[in-house]
Amino acid sequence: MQSAMFLAVQHDCVPMDKSAGGGPKSEEKREKMKRTLLKDWKTRLSYFLQNSSSPGKPKASKKSKQQTFIKPSPEEALLWSEAFDELLASKYGLAAFRAFLKSEFCEENIEFWLACEDFKKTKSPQKLSSKAKKIYTDFIEKEAPKEINIDFQTKTLIAQNIQEATSGCFTTAQKRVYSLMENNSYPRFLESEFYQDLCKKPQIPTEPHAT
């Protein structure tokens, strides 16, 4: 429910209060709702950052996690808008984008992309084969728990390739998912209240000049 409300704000679809009309009270009510949703988004992102850990690795303490995901400066956050790769290269940015995709119910796209990045770094033929089968089971096959949206021909080709797995098994599918995120989810993330808030520079109160 909260995710749906958040997306309503993103697409400027917050229902108007019929009794209030379009007057100042209605505008104030909408602004208050936006602030509430933004606070909720920050809370959920903070929880996500603190509870994120790499598969197969022991969970670190809260203190070490907080040190891993340091909130970026407005200047650093602004760099994310220059290129999708800039966002993915930032640990905080990647976690924020993943939380955003979770709110849009398409987290499987970034999870598949990350799984492919890990897969390409694998050297052992045995591990390459087992990882390929797991990626296929999790993301590719029909009715997979995290099935991604790719065409039938690509799925068929992957099914054939994983029989003798190589580091390029998922290259075509990964490129398509990357393009999907870059052209659809990424622009919406940049327009989100959360991202816009990260880019705001804190206002420094001005002191009156002594006479």
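The values are calculated or read from the model by the stated rules, or taken from the named source; none is laboratory data. Only a predicted model underlies this, so the values are computations on that prediction, with no experimental measurement involved. Don't worry about glycine lacking a Cβ; one is built from the backbone with ideal geometry, like all the others, and counts go over all protein chains shown. The accessibility values were calculated without ligands, DNA or RNA, using every heavy atom of the protein model including side chains. Shrake-Rupley method; radii C 1.70, N 1.55, O 1.52, S 1.80 Å.
Where helices (runs of 4 or more DSSP H) fall wholly inside the range 107-190, the ranges with 2 or more residues that are of a type in the set (Asp, Glu) and surrounded by 13 or more Cβ atoms within 10 Å (Cβ to Cβ) are 108-120. Looking at Ile70, Ile162, Ile140, Ile150, can you tell me which residue is within 30 Å of Lys200 (Cα to Cα), touching a residue at least 12 places away in the same chain (Cβ under 8 Å) and of a type in the set (Val, Ile, Thr)? Residue meeting the stated conditions: Ile70.
In summary, Leu101 fulfils each of the numbered conditions (1) touching a residue at least 24 places away in the same chain (Cβ under 8 Å); (2) farther than 22 Å from Thr171 by Cβ with the single exception of condition (2). Over 12 Å from the mean Cα position of the chain (by Cα), open to solvent by 20 Å² or more (accessible area, probe 1.4 Å), over 17 Å from Phe194 (Cα atoms) and small (Gly, Ala, Ser) - does that describe any residue in the range 87-98? Yes, the range 87-98 contains a residue that is over 12 Å from the mean Cα position of the chain (by Cα), open to solvent by 20 Å² or more (accessible area, probe 1.4 Å), over 17 Å from Phe194 (Cα atoms) and small (Gly, Ala, Ser).
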